[in-house]
Every structure is written in structure tokens, then in C-alpha cells.
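Peer 1: This is the structure, below, for whatever I ask next.
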Amino acid sequence: MNTMVLNKKALLFFFGIFSLAAQNNITYWQQHVDYTMTVDMNVENFQYEGTQELVYTNNSPDTLSQVFYHLYFNAFQPGSEMDIRSQNLPDPDPRVSNKISTLTPQEIGYLRVSSLTQNGKPILYKTVGTVLEVVLEKPIAPREKVTFSMKFNGQVPKQIRRSGRNNTEGIALSMTQWYPKIAEYDFEGWHAHPYIAREFHGVWGNFDVTITIDKDYVLGGSGYLQNPNEIGYGYEQPGTKINKKGKKLSWHFKAPNVHDFAWTADPEYLHDVVKVPNGPTLHFLYKNKEEIIDNWKDLQPKTVELMNYFSEKIGKYPYDQYSVLQGGDGGMEYAMCTLITGERNFGSLVGVTAHEMAHSWFQHVLATNESKHEWMDEGFASYISTLAMNEVMKQNNPNSLRGVYKSYYQLAISGIEQPQTTQADRYAHNAAYGASAYSKGAVFLSQLGYVIGEDHLAKTIKRYFDEWKFKHPTPNDFKRVAEKVSGIQLDWYLTDWTQTTNTIDYGLKDVEQEDKTTKITLERIGQMPMPIDLYIEYTDGTLESFYIPLRVMRGEKENPIPSIKRTILSDWPWTHPSYSFNLPVPKSKIKTVSIDITGTMADINPSNNNFLNY
């Protein structure tokens, strides 16, 4: 008897401690880094020598006995995980395909660490593919800072994916993922995933980078140039005389409060500078080719408009500089800059700039873990950049997001869709990844406006930015902001849309006369429930709406079209496959009955959404 009492007390004590620990883990924290790096580039063989001093601050509640670094360039070697994965996909990215397998020793990429110390003492490390596994000399306690000092060397791969040398447009160096980058450690643990194809995750911090390179090369990228009067090329103060002695110049950049650092270099870059009124300075670096110059000149005022649009709709761009750099293999966002291919028609050039610039908010200020929640950066950027293009390019499209809905519908009926919670590299088809991350991710935001109201969506985006800038928000963090703004419960929405492949399909099952009234019956055919906006047009031309809240929302949105009279009906439990109500008019007075005339609800089969009484 006494033993049982003691065991019960011990059990209660154990669960009490566990509960306290769980609550403590809810408190937000994030690690911090300060990089100081030097790199000396040989533009003849594309090899470079580097040093790195990394001050790492452990803000976690955990004692760390190991750390990991990403060595991204090692992916560009025959037999790498990226190579084998690409060759075994049914629809590989054509930019990769089997190209890595054919690289020669002079064309491969690599990052090799030659020495590594912790607070001056050598430590053990091992390179395993694109990850450096490090055993610490001494564990790092919570709130402790340590300094890692490293020597490394690298070779820039032939341009295949994102990074590389001599891309298809002749840009000499697209230097992204070029340095040993410490992996993120957060409430989920280490994120030391191998580089296979997809996205990135990094630690917030400050970068001090000095790049020594042939004096004929012009550079652009992350950070503010610290020595413009030594460099020239349009960076120097007016009237400065540049004395370029020797064969090389050293470019010194500082990038504060970012989680990555990228740069490009080419001897034929043109460099234009545009100041956004009450905003950042924009830099444009592009090839001196007659056939593209006009488009790049015309791009510049459009980029000013895009910067203003995003700053207004999301939140003020927080840095003093942004650069649009010709380079890479398409379009990819980085801290304070983007790399884009530049030999495009004008609409495409503005479009890729709009999307990549939008990532300056949805990834490089709101730094989600793109490897796990790729739809939060790609989808959100697609949503806001599509709206921006409609305004900046004066497309005057009342339904500019129609294309992303269409792409999602194709995915939903394709048979290859996987839940959006799928890790980015785990998608069995590239097509499924693309449609899920970009299109379904954009529809998530657009459709949220249908659920909580467009005004609440606009306020949610701004509050999300204010509360989570310079942090690592998760899907739940965004959902909680939307709940606070709207007063509507949204766990069902996040769960069904992102954690399942359930689809939305509602239909008008019956419209029938009952005495002097009309009984309208709707049915839920798809597995995902939604609130319903029902619109009825009468034979006299008047229009009326009826709102059927979803019970698990525990609330209602405002009337989306205030000029139309709206009646709020009793809520619809998601468990019930059908819903009926009586309209106090005869059927003969009804011309049409329609579900969601705005088309904002992603109903995969709109053909059963309308009743025509003529």
C-alpha cells in the first residue's frame, strides 16, 4: 500500500517536471553567429583559399556536444546524393538531370576543411558528403559563446544548379552556398540535412567578408561595401580617383542581421544604382550585352515600384540596400540580393525580379525552415508577387491568382500529390514539389482571405511580419497570428490544407419547392470542410448572400461584399455530409443559386456549384 502511494507521488512528480520542461521549451529562442571570412579567388582555375572565424552563441537551453557545417559545393561531384537522387527521379530538374555524373575533376565543386579549432584548440571533424560532422573539444553550455577558427579551400563547380562558374549567359562566378556554413539548431534539434536539390536554413547573424579577386572583376551581393573608394566600378564617391595597383583587389563587405551571404563576379558587368525614395539603394549588375541593356534599364523603375509595393503590403524593407544580379540558373533569393538569369523578355525579367524580391520578406526576413515548410516561402512569395505584378505591370486582371489556382487543381487530381508537410527533398516528383510549394502555398494565403476576410488577411500579413521578422516562424506561428487578428479558430484549416491531401468539393444537391418556400440542399463531397458563401439571384435582378459558417471555426467573417445583403445561417458541422435550409420565396422567384461567386475557395469541381433555374 505504501509502495503504491510512493509510486503515485513519484509519477506525479515526474509528470510535473516534464510539464515544466515542455512549457519552458515553448519560450522562443534562436542561435546567433558572427562570421569573419577572407577568400582569395583564382579566376584561372576557379579555386579559392579561405579563412573563417565564427563566433557561435548558444542561446538554446541545451548543452551542445557536437556541431555540423554544410559543405554545399560537395554536391557537385559524381556519385553525390544530389547526383544519384536526380538520376532516380521520374521527372528530374532538367538543369541537373545527369549532368553532375559527367563532371571532370577540373569541373566538380568542392569545399575542403584543412583545419578547425574551438577557442584555439584543435577539434575532430569528418566530411560526410555535404556535411561536416564536428566533435567538440568541450561542450557548449547554454548562453555560452565559442569561437571556431577554420581554414578551407574550394573549387567552384561548372554551373549546374544555383551556384557555379560560367553560366549559360556567360556570368563568370555565381557564388552561392560557397563557404562552410554552420547548420541551424533549434527547438527541433539540428538541421544538418544533406544538400540534394532544394532549399536552405541558416542561423541569424552578422557577416564580415573580404573577397580578393582579379582587379578586372566587378562584384555584387549581400552586404554593404566597406571600401568603395578602393574599388571603383560605380561604388566610389563621385570625383574619387581610383588607383588599382597590382593584379588583384580586395572587396570588403559587411552584412548585418542576415542568415546567408552570396555574391557574383564578372569582368563585363555594367553597374547601375537607383535610390528608392525613402527606401533602400538598388544596385543592378548585368552583362554588357547590347541585346539586354534596354530591358535592364527599364527594369529599374519597376523594381522601385515593387520595393514600394512589398514594403506597403508586408512591412518596410529593413535594409539600406538591395541588389539584382545577373547570374545563376534562373532565379534564387539571397540575403539583400537575388541572382536571376537576364536574357529574357521584359515581362519575364520583371516577373522573376518580383518573385525573388518578395523572398526578401518571405525567407530573408521571415526565415522559415524552407526544407520543411517550403510552401511558406515559395507560396507566400508567389501570392504577393502575383498581386504586385498585376499592379506594377498594369495587368488590370480582376483575378490575377487564377493561374496558381489552376496549377493547384491540376496537382489535386494528378494522383502524385503529397502533403505539404513533406520535406522538400522527399517529394517523389519534381512537378508535385513545384505545384505544392508555389501554387498550393499561394492558394493557402488567398483562400485564407475567403475564410477570415480580405481585410483580416491583409492585417494578418502585416502583423506576422512585425511579430516574426528576423526569426524562424513555423506554420503554427502564422496560424496563431491569423487567429488573433480574426478571432476565428484555424487549426482545422492548417491541418487539412498542409498535412493532408484532402480536397474541397461542395455541390448544390437540390433546389426544390416546399409549399411557398424553397428548400436548398448542399453537399460536401470532398474531405476538406469549408465555410460557404452562397449567392442567390432572384428573377427581379436582386442579389442576396447566405453565409454558412463552419462550426469548428467558432466565429464568422465579415460580409465580403457589403453592397449585397447577407444572412448568416446556422453553422455546418464538418461531420455532416449535407446541409439544408429553407428560403421564404417560391422556386419560381429564383434565377440562380451559386457557391462562392468570387472563386476564392479552391473547389476542385466548380461544375456542381451552380443552379440555373431557366
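The values are calculated or read from the model by the stated rules, or taken from the named source; none is laboratory data. Please read all numbers here as calculations on a predicted model, not as lab measurements. Note that we place each Cβ from the backbone using ideal geometry, even for glycine, and neighbour counts take in every protein chain shown. Accessible surface areas use protein heavy atoms only, side chains included; no ligands, DNA or RNA. Shrake-Rupley method; radii C 1.70, N 1.55, O 1.52, S 1.80 Å.
Peer 1: Are any residues in the stretch 187-209 over 17 Å from residue 363 (Cα atoms), part of a loop (DSSP other than H, G, I, E, B) and small (Gly, Ala, Ser), and if so, which ones?
Peer 2: Of the stretch 187-209, the ones over 17 Å from residue 363 (Cα atoms) are 187-190, 192-197, 207-209.
From what is left, the residues that are part of a loop (DSSP other than H, G, I, E, B) are 187-188, 192-197.
Correct list: 192, 197.
Peer 1: Of all residues in the stretch 166-201, which are aliphatic (A, V, I, L, M) and either in contact with a His (Cβ under 6 Å, 6 or more places away or on another chain) or under 13 Å from residue 259 (Cα atoms) (or both)?
Peer 2: Listed by number, the residues that qualify are 182, 183.
Peer 1: State the number of residues belonging to the stretch 39-95 that are aliphatic (A, V, I, L, M) and in contact with a Lys or Arg (Cβ under 7 Å, 6 or more places away or on another chain). Steps first, please.
Peer 2: Pass one, the stretch 39-95, residues aliphatic (A, V, I, L, M): 39, 41, 43, 54-55, 64, 67, 71, 75, 82, 84, 89.
Now drop any that are not in contact with a Lys or Arg (Cβ under 7 Å, 6 or more places away or on another chain), which leaves 55.
Qualifying residue count, the stretch 39-95: 1.
Peer 1: Looking at the stretch 552-579, which of its residues are open to solvent by 60 Å² or more (accessible area, probe 1.4 Å) and within 19 Å of residue 538 (Cα to Cα)?
Peer 2: Residues satisfying the conditions are 562, 563, 565, 568.
Peer 1: Does residue 148 satisfy being among the aromatic types (Phe, Trp, Tyr), modelled with pLDDT under 95 and open to solvent by less than 30 Å² (accessible area, probe 1.4 Å)? Steps first, please.
Peer 2: On the way: among the aromatic types (Phe, Trp, Tyr): yes; modelled with pLDDT under 95: no; open to solvent by less than 30 Å² (accessible area, probe 1.4 Å): yes.
It is false that residue 148 is among the aromatic types (Phe, Trp, Tyr), modelled with pLDDT under 95 and open to solvent by less than 30 Å² (accessible area, probe 1.4 Å).
Peer 1: If I ask for residues that are within 25 Å of residue 204 (Cα to Cα) and either in contact with an Asp or Glu (Cβ under 8 Å, 6 or more places away or on another chain) or touching a residue at least 60 places away in the same chain (Cβ under 8 Å) (or both), which ones from the stretch 328-356 would you list? Quick ask: steps written out before the conclusion?
Peer 2: Just the residues of the stretch 328-356 that are within 25 Å of residue 204 (Cα to Cα), to begin with: 328, 331-340, 353-356.
Listed by number, the residues that qualify are 328, 331, 332, 333, 334, 335, 336, 337, 338, 339, 340, 356.
Peer 1: For the stretch 100-117, give me the residue count where each residue is crowded, with 19+ Cβ neighbours inside 10 Å and touching a residue at least 60 places away in the same chain (Cβ under 8 Å).
Peer 2: The total comes to 3.
Peer 1: What number of residues within the stretch 426-449 satisfy the criterion of being open to solvent by less than 10 Å² (accessible area, probe 1.4 Å), in a helix (DSSP H, G or I) and not polar (S, T, N, Q)?
Peer 2: 10
Peer 1: So which residues in the stretch 56-81 are open to solvent by less than 10 Å² (accessible area, probe 1.4 Å) and assigned to a helix (DSSP H, G or I), if there are any at all?
Peer 2: Taking the stretch 56-81 first, the residues open to solvent by less than 10 Å² (accessible area, probe 1.4 Å) are 56, 58, 60, 64, 67, 69-73, 75-76.
Within the stretch 56-81, 72, 73, 75 meet the criteria.
Peer 1: From 136, 124, grab the single residue that is open to solvent by 80 Å² or more (accessible area, probe 1.4 Å) and under 23 Å from residue 194 (Cβ atoms). First the steps, then the outcome.
Peer 2: Values: 136 fails: open to solvent by 80 Å² or more (accessible area, probe 1.4 Å).
The unique qualifying residue is 124.
Peer 1: Which one of these does residue 244 not meet: (1) assigned to a loop (DSSP other than H, G, I, E, B); (2) of a type in the set (Lys, Arg); (3) modelled with pLDDT of 95 or more?
Peer 2: That leaves (3) as the condition not met.
Peer 1: Scan the stretch 407-417 and tell me whether some residue there is farther than 29 Å from residue 562 by Cα, within 15 Å of the chain's Cα centre (by Cα) and surrounded by fewer than 22 Cβ atoms within 10 Å (Cβ to Cβ).
Peer 2: Scanning the stretch 407-417, I find no residue that is farther than 29 Å from residue 562 by Cα, within 15 Å of the chain's Cα centre (by Cα) and surrounded by fewer than 22 Cβ atoms within 10 Å (Cβ to Cβ), so the answer is no.
Peer 1: Determine which member of the set 53, 44 is open to solvent by 10 Å² or more (accessible area, probe 1.4 Å) and part of a strand (DSSP E or B). Give the steps one after another, and end with the answer.
Peer 2: Values: 44 fails: part of a strand (DSSP E or B).
Residue meeting the stated conditions: 53.
Peer 1: Filter the stretch 208-257 down to residues that are aliphatic (A, V, I, L, M) and surrounded by fewer than 19 Cβ atoms within 10 Å (Cβ to Cβ), then give me how many there are.
Peer 2: Going through the stretch 208-257 one residue at a time, the tally reaches 1.
Peer 1: Can you find even one residue in the stretch 158-175 that is open to solvent by less than 40 Å² (accessible area, probe 1.4 Å), of a type in the set (A, V, I, L, M, F, W, C) and assigned to a strand (DSSP E or B)?
Peer 2: Restricting attention to the stretch 158-175, the residues satisfying the condition of being open to solvent by less than 40 Å² (accessible area, probe 1.4 Å) are 159-165, 167, 169-175.
Within this subset, residues satisfying the condition of being of a type in the set (A, V, I, L, M, F, W, C) are 160, 171-173, 175.
Next cut, assigned to a strand (DSSP E or B) only: 173, 175.
Within the stretch 158-175, one or more residues are open to solvent by less than 40 Å² (accessible area, probe 1.4 Å), of a type in the set (A, V, I, L, M, F, W, C) and assigned to a strand (DSSP E or B).
Peer 1: Another one. Filter the stretch 450-491 for residues that are outside any helix (DSSP H, G or I) and either farther than 25 Å from residue 571 by Cα or free of Cβ contacts under 8 Å to residues at least 24 places away in the same chain (or both) and give the result. Walk me through it before giving the result.
Peer 2: Applying the first criterion (outside any helix (DSSP H, G or I)) to the stretch 450-491 yields 453, 469-474, 487-490.
Passing the criteria: 469, 470, 471, 472, 473, 474.
Peer 1: Pairs, please: C-beta under 8 Å, at least 6 apart or cross-chain, first residue closer than 11 Å to residue 197 by Cα and free of Cβ contacts under 8 Å to residues at least 24 places away in the same chain and in the stretch 74-89, second surrounded by 14 or more Cβ atoms within 10 Å (Cβ to Cβ) and among the small types (Gly, Ala, Ser)?
Peer 2: As it stands, the answer is 83/75; 83/101, since those pairs meet every condition given.
Peer 1: Something else about it: Can you confirm whether residue 512 is in contact with a Phe, Trp or Tyr (Cβ under 8 Å, 6 or more places away or on another chain), surrounded by fewer than 19 Cβ atoms within 10 Å (Cβ to Cβ), closer than 21 Å to residue 576 by Cβ and at pLDDT 95 or above?
Peer 2: Details: in contact with a Phe, Trp or Tyr (Cβ under 8 Å, 6 or more places away or on another chain): no; surrounded by fewer than 19 Cβ atoms within 10 Å (Cβ to Cβ): yes; closer than 21 Å to residue 576 by Cβ: yes; at pLDDT 95 or above: yes.
It is false that residue 512 is in contact with a Phe, Trp or Tyr (Cβ under 8 Å, 6 or more places away or on another chain), surrounded by fewer than 19 Cβ atoms within 10 Å (Cβ to Cβ), closer than 21 Å to residue 576 by Cβ and at pLDDT 95 or above.
Peer 1: Of the residues in the stretch 419-440, how many are touching a residue at least 24 places away in the same chain (Cβ under 8 Å), closer than 15 Å to residue 379 by Cβ and not aliphatic (A, V, I, L, M)? Talk me through it step by step, then tell me what you get.
Peer 2: Initial filter on the stretch 419-440 (touching a residue at least 24 places away in the same chain (Cβ under 8 Å)): 419-421, 423-425, 428-431, 433, 435-440.
From what is left, the residues that are closer than 15 Å to residue 379 by Cβ are 419-421, 424, 433, 435-440.
Those left that are additionally not aliphatic (A, V, I, L, M): 419-421, 433, 436, 438-440.
Adding up the residues that qualify gives 8.
Peer 1: Hey, another quick one. List, please: which pairs have Cβ atoms under 6 Å, are six or more places apart or on different chains, and start with a residue in the stretch 529-555 that is closer than 19 Å to residue 487 by Cβ and end with one that is open to solvent by 10 Å² or more (accessible area, probe 1.4 Å) and part of a helix (DSSP H, G or I)?
Peer 2: Pairs found: 552/492.
Peer 1: Give the residue that is nearest to residue 51 (Cα to Cα), with candidates limited to residues of the stretch 118-157 that are outside any strand (DSSP E or B) and touching a residue at least 60 places away in the same chain (Cβ under 8 Å).
Peer 2: Applying the first criterion (outside any strand (DSSP E or B)) to the stretch 118-157 yields 119-120, 123, 129-130, 141-144, 156-157.
Then drop every residue that is not touching a residue at least 60 places away in the same chain (Cβ under 8 Å), which leaves 129-130, 141-144, 156-157.
Working: 129: 21, 130: 19, 141: 26, 142: 27, 143: 26, 144: 23, 156: 16, 157: 20 Å.
The extreme case among them is 156.
Peer 1: Under 14 Å from the mean Cα position of the chain (by Cα) and either at pLDDT below 95 or under 30 Å from residue 82 (Cα atoms) (or both): does that describe residue 428? Break it down into steps so the answer makes sense when it comes.
Peer 2: On the way: under 14 Å from the mean Cα position of the chain (by Cα): no; either at pLDDT below 95 or under 30 Å from residue 82 (Cα atoms) (or both): yes.
Considered against the rule, which asks whether it is under 14 Å from the mean Cα position of the chain (by Cα) and either at pLDDT below 95 or under 30 Å from residue 82 (Cα atoms) (or both), residue 428 comes out as no.
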